[in-house]
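Comments concern the structure below.
The values are calculated or read from the model by the stated rules, or taken from the named source; none is laboratory data. The shown structure was predicted, so the numbers you read here are calculated from the model rather than taken from an experiment. When we count neighbours, we look across all protein chains shown, and the Cβ atoms used for this are built from the backbone with ideal geometry, even at glycine. Each accessible area value is taken on the protein alone, full model and side chains, heavy atoms only, with ligands, DNA and RNA left out. Shrake-Rupley method; radii C 1.70, N 1.55, O 1.52, S 1.80 Å.
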Amino acid sequence: MAVALVIKVLVTAVALWVSTLLVDGIAIGGSDQATRIGTLIVVALIFGLVNAVIKPVIKTIGCAFYVLTLGLIGLVVNALLFLLVGWISDKLGLPFQVAGFWPAFWGAIVVAIVGFILHLIIPDSLDRE
């Protein structure tokens with residue numbers, strides 16, 4: 001169980017790093033590589049907590065919008081949650097910035113795609129422990 005959690009956090013951290021490379025408006029600061037890696041891990045933990053706690057509440061409350069938009073509202077929700085992660089990171093003094101809705105929108109898509117691909121590559125035996 002602990003190994004699976006660590007793997008999920010690392011996968012999310014890598015996906016966040018890729019989003020900083022591909023999306024203008026998402027940036028990670030820091031003076032050295034260790035600071036950047038630490039920031040990505042902490043932001044990945046925040047990302048996981050936000051998705052585990054807030055996203056189910058939003059999906060439950062906004063169920064009708066998901067049905068009416070055939071799930072497309074999920075893209076907006078993910079962007080807003082990504083923006084929230086950037087805001088929380090800023091308030092905690094972490095050098096991770098999301099510059100607005102559109103960078104958050106594309107960043108959320110990049111994180112989802114990269115996370116999906118990495119979870120396909122990781123052996124199931126590691127993910128289930």
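Structure data summary
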{"quantity": "Cβ-based charge dipole, segment 1-124, positive-most Cα from Ala2, Val114, Val98", "calculated": "Ala2"}
{"quantity": "Cα lying deepest toward the dipole's positive end in the chain, options Ile37, Leu84, Ser19, charges on Cβ", "calculated": "Leu84"}
{"quantity": "Heavy-atom surface of the chain, accessible at 1.4 Å and reported per residue (Å²)", "calculated": "60 Å²"}
{"quantity": "Surface share of carbon and sulfur [accessible, 1.4 angstrom probe, percent] for the chain", "calculated": "75 percent"}
{"quantity": "Over segment 1-120, relative contact order from alpha-carbon pairs under 8 Å, at least 6 apart, %", "calculated": "38 percent"}
{"quantity": "Relative contact order %, segment 57-108, counting alpha carbon pairs below 8 Å whose residues are six or more apart", "calculated": "34 percent"}
{"quantity": "Dipole moment magnitude, nearest 20 debye, the chain about Cα centre, only Lys, Arg, Asp, Glu C-beta charged", "calculated": "240 debye"}
{"quantity": "Solvent-accessible ranking of Thr39, Thr60, largest area first, probe 1.4 Å", "calculated": "Thr60, Thr39"}
